[in-house]
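Novice: I'd like to ask you about the structure that follows.
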Amino acid sequence: MRLTRTLSLAAVALVLTATAACGDDPLDKKESGSDGDADKGSVVVGGQDFTESAILAAVYAKLLEGEGYDVETKLVTTRDVYVPELAKGNVDIVPDYLAGITDFLNTEANGPDADLVSSNSPEDTLAALEPLAEAKGIAILPPSEATDQNAFFVTTEFAEANDLETLSDFAALGQPIKLAAPEDCAGRADCEGGLTEVYGFEISEIVPLGFGNPQVKDAVTKGDVDLGETGTTDGTLGELGLTLLEDDKGIQPAQNLTPAVNADFLADNPDLEDLFNELSDALTTEDLAEMNVKVDLDRQKPEDVAEQFLKDKGFI
């Protein structure tokens, strides 16, 4: 999920979650070593509150705990909440998506109508991202080969009845549709903008239910909306009678998993760069899909799935 998002303060307060106790401002950073147990001080891990991001935040947290840090995890619905806090140092590290954070910072720096600088090339997208991030006091570590692009799905019944395999197939039906997606979908080249301008969909309404969550899937299943947004590593769709449609015109840019770190925090903790590079090297797209299934279908906790992943990879 992944570009500029705008929420009211009240909405932010409702969507913010934290795995540890927070102060008056939910993204205010805690003082280090407040409970006397931390050896290296406190770390705030940020992220978004959909399954995959929650798992990756838990992976980061478990890895940091193993290194002796006192870790607090804070998940929010939208990037425009945590990126400013990452820049200020109230959040220290976030698992993010390469093109997502690139395009967010690009529009912040150059306005909402700025030309996209992300592409299907991870190398070119990273080259565009690094100066944007540096200007905000954010360090970008090398991206993983693991990737999760945004994708759109319909019910399997509808796909089979209309012989749909691609987004172009669906658009060719020429019917107005309702789309369930995050609030920032409107105008985005990888969401409403691309669906309308590249594929030719007529979208009558964007229902802001979020990204890849049960509410989006229920809305598609019940017929309240025609198309829903999730990620390509979503392993729950088949079990729910849902089918991804191929992005045959390539509106989705490179979305490799990329650690984004507050630059001052990384400068104070340089040993973490090698540690997270090793993690990124070990992580695969298949790992993402398997961990998502364990949480979404097997109902395991993200923290338990993260711990098992790190054990299997030899990190803990």
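Read the figures in this text as sums done on the coordinates, not as results from a lab. It should be emphasised that the depicted structure is a prediction, and the values quoted were computed from it without experimental measurement. Please note: Cβ atoms are built from the backbone with ideal geometry, for glycine as well, and neighbour counts cover all protein chains shown.
Novice: Setting aside same-chain residues fewer than 8 positions from residue 62, which aspartates and glutamates have a Cα under 13 Å from its Cα?
Specialist: Hits, sequence-local ones excluded: 70, 72, 303, 304, 307.
Novice: Order 191-203, 53-65 from most to least packed using the mean count of other Cβ atoms within 10 Å. Display every interim value, and only then the final one.
Specialist: On the way: 191-203: 18.4, 53-65: 24.0.
The densest-packed peptide leads the list: 53-65, 191-203.
Novice: Mind listing the long-range amide H neighbours of residue 225? Cut-off is under 5 Å, sequence gap 5 or more, other chains count too, H placed in the peptide plane at 1.01 Å from N.
Specialist: The list, which skips near neighbours in sequence, is 220.
Novice: Given H placed 1.01 Å from N in the peptide plane, which residues other than close sequence neighbours of residue 235 have an amide H under 5 Å from its amide H?
Specialist: Amide H to amide H, under 5 Å and 5 or more residues apart or across chains, residue 235 pairs with 293.
Novice: I need the phi-derived Karplus couplings for segment 41-53: 6.51 cos²θ - 1.76 cosθ + 1.60, θ = phi - 60°, integer Hz, Gly and Pro marked x.
Specialist: Running phi through 6.51 cos²θ - 1.76 cosθ + 1.60 with θ = phi - 60° gives x, 9, 9, 9, 9, x, x, 10, 9, 9, 3, 4, 5 Hz.
Novice: Among 271-277, 136-142, what's the highest-first ranking by average C-beta atoms within 10 angstrom per residue?
Specialist: Values: 271-277: 15.4, 136-142: 17.9.
Result, highest mean Cβ count within 10 Å first: 136-142, 271-277.
Novice: Related question: State, to one decimal in nm, how far the label point of residue 197 lies from the label point of residue 246, with both points 7 Å from Cα in the Cβ direction.
Specialist: My value for the distance between the label points is 2.5 nm.
Novice: Between residue 124 and residue 88, what length comes free when the chain is fully extended (0.36 nm per residue of separation minus the Cα-Cα distance, one decimal in nm)?
Specialist: On the way: separation 36, 0.36 × 36 = 12.96 nm, distance 2.67 nm.
Between residue 124 and residue 88, full extension yields 10.3 nm more.
Novice: For a protection proxy built on the mean count of beta-carbon atoms within 10 angstrom, sort 75-86, 241-252 highest first, please. Walk me through the numbers on the way to the answer.
Specialist: Values: 75-86: 22.9, 241-252: 16.9.
Highest mean packing first, the order is 75-86, 241-252.
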